[in-house]
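Q: What follows is a structure written as structure tokens; I'll ask about it next.
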């Protein structure tokens, strides 16, 4: 099985270590991974603003880059959510439909497809606050959403983290209250976004997190901005980096 | 075209398709939690959570005495219950405004609902509906055998359309409008006390 | 050109009031937590949700039949049924009823529909004295503000605000901020007005077609006062409030208050079937854009709403920015999907006053796809050319850049160079909203692509 590696635009630009970790991790797990170097973006930023016309170019380009793969894997729940459920600014050709069906988010790929039960090379002896993004919780089903109190608890991310030596998961007051990134929301509704970020970061800090870990770098980008402004003693890290044992 | 015709025509034009069928509501409604406590105990607990109180009394005389004991300063006790005469009979009231000075209202309820901690009162029992909301305090007589488990059961039992007014009253009037602090005695009754004794016990 | 509401600016001003925002977020999140506890005690909740959703969808897809059935049965009971196409007509009909009875004073219980129609100012202009009977609504009436929450209209106020307001309007002690004292003061102030009122007005939570009656749920019993004391009771009912049968009512009553405040039912669940002894009952069935929304495949599900407020309790944006930031009758997530339907120009910013977290969809007892509708409303705003110029230009530039790999890579280098070399004072300027409360991200040595080409590309 040849996997097409999807590296979201902001990860390419600002967090290459997440892309590197994803690539190395998949290879360590026995996958053959190809990286289409012409890829840019899945179209989410424009689409989330309702700008279908502006999203079309990126969406079409995305399909072109990945249409020959039978599996595509990307380390971003929000991007995969967009691809799977909202990539409709372009004509729904067989290629488009295929790409939308075969694109997998990293956590679900590891947990459901590869059914990983060990990361023997990984050690992470730290207090970790796990941040599951809203896309991960309510769209991709990584974790039971806290609203559905009558459902039994489950968490794919926790299941995977159990296989990493040394990880100490801390619990926070509001497990899945949105961090406030929300795409362009973070600048168009700046005061609300910042307050949401402050509250979330403080929740992690109050409970002793050394690292905030997530499958979504976009949330972490926003929270890191707050952490650094507040000069709090916390770091952010993508789960791919923990599972891969680096790079940090 | 009248407003009525206009609206109905617009609705007919716009009803979404496909039409959705009316789902079956199983009766009795399947509750997935096993009830460990009795329906009566459940009712009493929930009534207390809603801010009400409940007491057992042996008969009408005991109920009368209890009302005097609970409200020693009450000047006007307006009763809709023959077994418990107050100072004023609700049947003598011509206009709801006359009830503005009622300290304690006494009514019999035909039905209690455990999951809600609520008593059912209609114009039949109240005679003058305003008695239920103008009285400063309410005492409600309830037969302990007349308590059902859920709202499903309650709606099945009552003849909803038979009375112009019917209210499920769960505890006294309440509000949380100021900083979420729960206050009892907002606009309606300040307290609700349920006295359990069987109807017909004199 | 209607001036657009600026929810972001309003939210910013509320957030600047630190104690107000912190209290508001804590109290409203508290309501979400109470809802969670109440729902956890009902293991069949998802089954109830599914039934509630289907009952509403069935009713709406057969709405004309149920409206006619309701009218027929209500009329049999002696209720007088009126119809109103829009807000103006509703107000005129109500005024007509009041006038023909010589009614000069009115007590009202909470009705979002009446708020939507602007009934109170309409009547006041025509010399009818209107008193809100719900404590929260009265607080808002005295403050000249709309309600900020469907269930607890003054939840954005601190007790000190209410004390100050009551001191001014009711003559209470301005230093006494005890909610018990304040509530008791309002009780004593309002009671004489209730006793003197010529008419009482209510809304309705549900209208039952099978019986021709309707249901009003309150915690204060104020609807009951309005209905049982004055000889005239007028109820405004949106046409979407219809449900078919009494047995359907049980489902909704079990879900409404649990979703709203975490209680199994409201203190008063009041049913009206025809006029009371010695009284008269009028019902006004109101359309006001509802039939139009019915015809919208994307948005008609919003008509299922039972006005529980669970969506606003869970909404992270609502909790921080406050209900008044929406500048409309309906606030929170349900407001975001309803208000643009009333006035797209005025409310064009509301769909963007959301992080699309999706929590609202999960708590909605009738399974409205609220978050998905918010997303769709954004497309409607853009499609109607109403996106603000800064957003428009930004998105077009971004879209163009991200469509072509060369452009994208060029933009990356420019951006990163800028981040690397620009001094702090330049980076963190008023035009950079990110930088107001956050540090800019640090720049890596290479992009992923550069790293890949350097380390992995086969020669």
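Read-outs: derived from the displayed coordinates by stated rules, not from any lab. What you are looking at is a predicted structure, and each value in this text was computed from that prediction instead of being measured. Please note: Cβ atoms are built from the backbone with ideal geometry, for glycine as well, and neighbour counts cover all protein chains shown.
Q: Looking at the stretch B:37-196 only, what percent of DSSP beta bridges run antiparallel? Nearest 5 please.
A: On the way: 9 of 32 bridges.
Counting DSSP beta bridges with both partners in the stretch B:37-196, the antiparallel share is about 30 percent.
Q: Give me the one-decimal nm value for the distance between modelled label points at residue C:292 and residue B:98, 7 Å along each residue's Cα-to-Cβ direction.
A: Those two pseudo-labels are separated by 5.1 nm.
Q: To continue, here is another question. Step by step: find N for the stretch A:127-244, compute 2.2 N^0.38 Å, then divide the Cα radius of gyration by it. What's the final number?
A: The value comes to 1.01.
Q: List C:414, C:336, C:229, B:11 from most exposed to least, where exposure is judged by having the fewest other Cβ atoms within 10 Å. If you can, show how the numbers build up before the last one.
A: Details: C:414 10, C:336 32, C:229 26, B:11 23.
Going from least to most buried by this count: C:414, B:11, C:229, C:336.
Q: Return C:122, A:211 ranked ascending by Cβ neighbour count within 10 Å, so the fewest neighbours appear first.
A: C:122, A:211
Q: Let me ask something else. Mind running the shape call on the protein assembly as shown? Use the C-alpha gyration tensor, a ≥ b ≥ c as the square roots of the eigenvalues: rounded below 1.5 for a/c, prolate if a/b tops b/c, oblate otherwise. Before the final figure, lay out each step's value.
A: On the way: a/c = 2.11, a/b = 1.92, b/c = 1.10.
Because a/c hits 1.5 or more and a/b exceeds b/c, the protein assembly as shown counts as prolate.
Q: Calculate, for residue B:198 and residue C:76, the FRET efficiency according to 1/(1 + (r/R0)^6) with r their C-beta to C-beta distance and R0 30 Å; round to the nearest 0.05.
A: Values: r = 36 Å, r/R0 = 1.21.
So, using R0 = 30 Å, E works out to roughly 0.25.
Q: May I ask you to work out the translational diffusion coefficient for chain C at 4 °C, viscosity 1.567 mPa s, via Stokes-Einstein with Rh from the Kirkwood sum over Cα pairs, reported in whole µm²/s?
A: On the way: Rh = 24.3 Å.
Answer, rounded: 53 µm²/s.
Q: Under the rule a/c < 1.5 gives rounded, and otherwise a/b versus b/c splits prolate from oblate, where does chain A land using the Cα gyration tensor? Could the numbers behind the result be given before it?
A: On the way: a/c = 1.67, a/b = 1.22, b/c = 1.36.
Verdict is oblate for chain A.
Q: Here's something else I'd like to know. Quick check on the exposure proxy: order A:121, C:451 from fewest to most C-beta atoms within 10 angstrom.
A: Details: A:121 14, C:451 18.
Placing the least packed residue first, the sequence is A:121, C:451.
Q: Still on this structure, please answer the following. Which of the three applies to the stretch C:389-455, rounded, prolate or oblate, going by the alpha-carbon gyration tensor with a ≥ b ≥ c and a/c under 1.5 meaning rounded? Each step should come with its number before you reach the end.
A: Values: a/c = 2.68, a/b = 1.22, b/c = 2.19.
Verdict is oblate for the stretch C:389-455.
Q: Taking 0.36 nm per intervening residue step and subtracting the Cα-Cα distance, what contour gain separates residue C:188 from residue C:404 on full extension?
A: On the way: separation 216, 0.36 × 216 = 77.76 nm, distance 7.04 nm.
Separation in residues times 0.36 nm, less the Cα-Cα distance, equals 70.7 nm.
Q: Ok, one more. Ignoring everything except DSSP H segments at least 4 long, calculate the 222 nm mean residue ellipticity for chain C; use -39,500 (n - 2.57) per segment, divide by total residues, nearest 500.
A: On the way: 23 runs with 245 residues, N = 459.
Value at 222 nm, helices only: -16000 deg cm²/dmol.
Q: Still on this structure: Once you average over the residues of A:177-184, how many Cβ atoms of partner chains fall within 10 Å of each Cβ? Let's see the in-between values first.
A: Details: counts 8, 10, 3, 5, 2, 7, 3, 5.
Counting other chains' Cβ atoms within 10 Å and averaging over A:177-184 gives 5.
Q: Here is a follow-up. Run the quick spin-label model on residue A:1 and residue A:165: label points 7 Å from Cα toward the beta carbon, then report their separation in nm to one decimal.
A: 2.8 nm
Q: How big is D, in µm² s⁻¹, for the stretch B:53-202 by Stokes-Einstein at 10 °C and 1.306 mPa s if Rh is the Kirkwood radius over C-alpha pairs?
A: Diffusion coefficient, whole number: 102 µm²/s.
Q: Need one number: nm distance between label points at residue A:116 and residue C:99, each 7 Å from Cα along Cα→Cβ, rounded to one decimal.
A: Modelled inter-label distance: 7.4 nm.
Q: Based on alpha-carbon centroids, what's the gap between the stretch A:21-71 and the stretch B:32-102 in Å, whole number please?
A: So the two Cα centres are separated by 69 Å.
Q: Sum -39500 (n - 2.57) across every DSSP H segment of at least 4 residues in chain A, then divide by the residue count to get the 222 nm mean residue ellipticity, nearest 500.
A: Values: 11 runs with 105 residues, N = 248.
-12000 deg cm²/dmol, from helical runs alone.
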